[in-house]
1. Please give the FRET efficiency for Ala704 paired with Asp181, using the beta carbon to beta carbon distance and R0 = 41 Å, rounded to the nearest 0.05.
2. Mind giving me the nanometre distance, one decimal, between the label points for Asp789 and Val157, set 7 Å out from Cα along Cα→Cβ?
3. Return the carbon/sulfur percentage of the accessible area of the chain, one whole number, probe 1.4 Å, all protein chains in place.
4. Averaged per residue, what accessible area in Å² does the stretch 367-481 show with a 1.4 Å probe, protein chains only?
5. Just one of [x] 1.01; [y] 1.05; [z] 1.15 is Cα Rg over 2.2 N^0.38 Å calculated from these coordinates, so which is it?
6. Given that compact globular proteins tend to follow 2.2 N^0.38 Å, what is the ratio of the alpha-carbon Rg of the stretch 155-313 to that value?
7. Which peptide among 754-765, 113-124 comes first, and what is the full order, when sorted by highest mean count of other Cβ atoms within 10 Å?
8. Can you give the angle from 0 to 90° between the axis of helix 417-426 and the longest principal axis of the chain, with both taken from C-alpha atoms, to the nearest 10?
Amino acid sequence: MKRKIKKNLLRIGVFLSVFFLSMAVAEKLLNRGNTDMTAEMGQATLPIVYMNVNDEYVNPLHGYTVDMEGSYLRGAITPLKANREVDILIDTYGAIISKIGYEVRSKDMQRLIEDTDLDGYKYENDMITATLPIKDLIDDDKEYMLVIKVTDGAGKVTKYYTRIINKSELYLTDKFGFVKDFSAKTFDKVAARELKTYMETNAEGDNSSYGYVNIHSNFNQLTWGELQPIVSSEKELYLLEVDSLNACIELCYRVFIKNEYYNVKEYFRIRRGQERIYLMEYERHMNQVFDEDKNVLVNGKILHGILDEKLQWKENKAANIYCFVQQNSLYSFNMTNNNLSKVFSFYDKDNNDLRTRYDAHGVKILSLDDAGNILFLVYGYMNRGDHEGEVGACIYSYDGGLNTVEEEMFFPYTKSFQMLKQDMTALSYINNRNIFYMLMDGSVYRINMESKKIEVIASNLDDNRFVSSEDNSMIAWQEDGSDAIQLFSLNTASPVVITSDPGETIVPLGFMDSDLIYGCARLSEVTTDMSGSTVVPMYAVLIRNITDGILKEYRQDGVYMLGIEVEDNMITLDRAVYNVELGYYVETEPDQIMNNQSAHETKNKYTSVVTEEMETTYQTVLAKEPANNTLKKLSPKHVIFEGSRDIELEAEDDRERYYVYVMGAIVGIYADPAEAINRAAESFGVVVDRKDSYIWQSGNRYLAKQIKGLETNGVDGMRTSTACCVDEVLKLQGIYLDARTMMQGRTVLSVLKENLPDEMVLDLTGCSLDAVQYYISCGNPVIAMVEADEAVLLTGYDSQNVTIYDPRQGLQDKYGRIEVEDWLRQNGNRFVSFIHTKQ
């Protein structure tokens, strides 16, 4: 009897165990998708739209299946024909098109100017040609946003965005011809001799790699050495910036070199002279396309080839699994079984066209465990698959045992890839407890990967008050109005609050490895001059570890730090001293702090190799040499799931920011317009605000300009030179007020902001004379602060002189350019001006 009861209890126990195990498995399958139901990633389906510029189809546009914030989709620019028409070519790739329409909007997308459906267009094979007649509702020499709407046979609308401008005398025949001719001649060493006159070969050129060539490289580098490349695709031309004199143009194409394909980008900045075109800047970037079907594993080494990009890679603890990202393709290699898996890529041999090769996205490895399971992030424009035509950040998981890829969550985004890249680079990290941290639009999010619970741990962050370590595992920030720094280890989730001493403030500056760098300043030494510019001079810079406290302190009597730059193992300190007579801080020689800590050692070694023929190439020396060079190549399938895994983040981002574009890409986002302008000036860039209104341009300015209409009344017993300058600025805008009264206890910046509501008033302290001349070119005088609280007005310039109105002398006169530059620099280059941004 006891035996029978025991046997029955055993059966019940087994039944319950099986039942609960089955329920657990079922729940996992329901939550994660059925791994038995897998499929290839969906093929690209959206057409490409080309713009006809100067009788050439250029500026290929990729479609969006959701409404985007067009002001952030800067992209290329399309000049209209003389009759305000623009011709387009649509490569449908076999898609059925039922309707074509277009909108013309202000660049901030707020004002709809035209909404038209086309009556007719030509359909030939898979190509459609059409003409868009833009109505006479736009101003000449002003940029607008054109939105082309293509409707397919199922009624789905795809939108294509491009800037347009109606501007004459752009000389595009000469400019396009120069770029195409220059590029073609680099492949012919005899014809290329003509290019020597355009090059500026000198010691600045790095002639060690074909991965990067510029205007300073030697003839051999320019002409590909002995590589003998064959162009294997169309050279797609993108017109990035253009005015009557200047143009910035990019060519994108592929070449075939010694049985390998390479992606190539050529960037040209050219200037039209009276007799010929001048090459002002040239860069060529080349990266090998990793091909798993080629001989990529040789004697325990993975061969990556010629690269300009910085390879991203990770190994597991046992160092027997190595994954890497090359040209936006993620690979994983298992040294134990010689399995090489192409974990993720929009491009492969069966999906090889302009749509799948489009590179407006990034891939980031988040984690790799000992079983070969990978969590990774794909962010930006989605070339194909479930989110084709969308922009967002998608977390995927790769199951190394099942060889499957599954979407975990997708965060939709309606701005550009360039914007998203800035945030994902600053912070996108998964810790050892499966918590994902991400920065997006000024907010830091904490997301539980299992429960999908979302928390905002910081919001409305000032870009100058948020810093992260290179591996993103450490972050620090300062909330608005607070002197405390929040130092956060994302692996321990244990924040440390760093507070300032009484009468002081502290500033987070960056990280050296996992150690925070921050500065200390006395509130009594923080200055705001009459222009409105605030300087926070730091008397000390400290390096702090979250557990061990202060590791190093830098200070020198009478010397202040205004900022830092971290590169590799060195911190460069921007230093200044206080000039008592002038009443402000004057820059002095920088200093450096070296990091003596050794880098984390890995067992797999990514390294460079130099050969005479190929110059610098890259390879990974594996920790464990495989038994042979024969690879087992795997192509993971994607797990099918029901429903949506989209997660909407609804944080509002109303921060005023300045975006610097160089070579068509965002290279920095700044809260300070002067910092943005200085960065743009380094590389002939442009600065825009969030409405895509121009704040500053390297080009598009007059060679000489004189602002007229000034009343050159001088100072008197009641009016200071600063009040006189403010009066003149307001009068030129038709505003007649008493600046003497308004200036009492206030700054130039605050007074102008109050009285010029339709203009963007800018603190330009720290900019060069050449940079602020842009505003004079636009017809806006520049106030320059000199000798403590005095002011003069810059009203004109030419190649040799600068015109200055000095209220203390009551006159306006020309002065030598070099003399003025030195004088203004000695006075701290403190400027205020404004720009019209209303659209």
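1. On the way: r = 32 Å, r/R0 = 0.77.
Approximately 0.80, to the nearest 0.05.
2. 5.8
3. Working: 17860 of 38160 Å².
So the carbon and sulfur contribution to the accessible surface is 47 percent.
4. Numbers: 3850 Å² over 115 residues.
So the stretch 367-481 comes to 34 Å² accessible per residue, rounded to a whole number.
5. Read-out taken from this structure: [y].
6. On the way: Rg = 18.1 Å, N = 159, 2.2 N^0.38 = 15.1 Å.
After normalising by residue count via 2.2 N^0.38 Å, the value is 1.20.
7. Values: 754-765: 18.1, 113-124: 12.0.
Taking the mean over residues of other Cβ atoms within 10 Å, the ranking is 754-765, 113-124.
8. The two axes meet at around 80 degrees.
The values are calculated or read from the model by the stated rules, or taken from the named source; none is laboratory data. These figures come from a predicted structure and were not determined experimentally. All Cβ positions, even for glycine, are placed from backbone atoms using ideal geometry, and neighbour counts span all protein chains on display. Note: accessible area is taken over every heavy atom of the protein model, side chains too, but ligands, DNA and RNA are not part of it. Shrake-Rupley method; radii C 1.70, N 1.55, O 1.52, S 1.80 Å.
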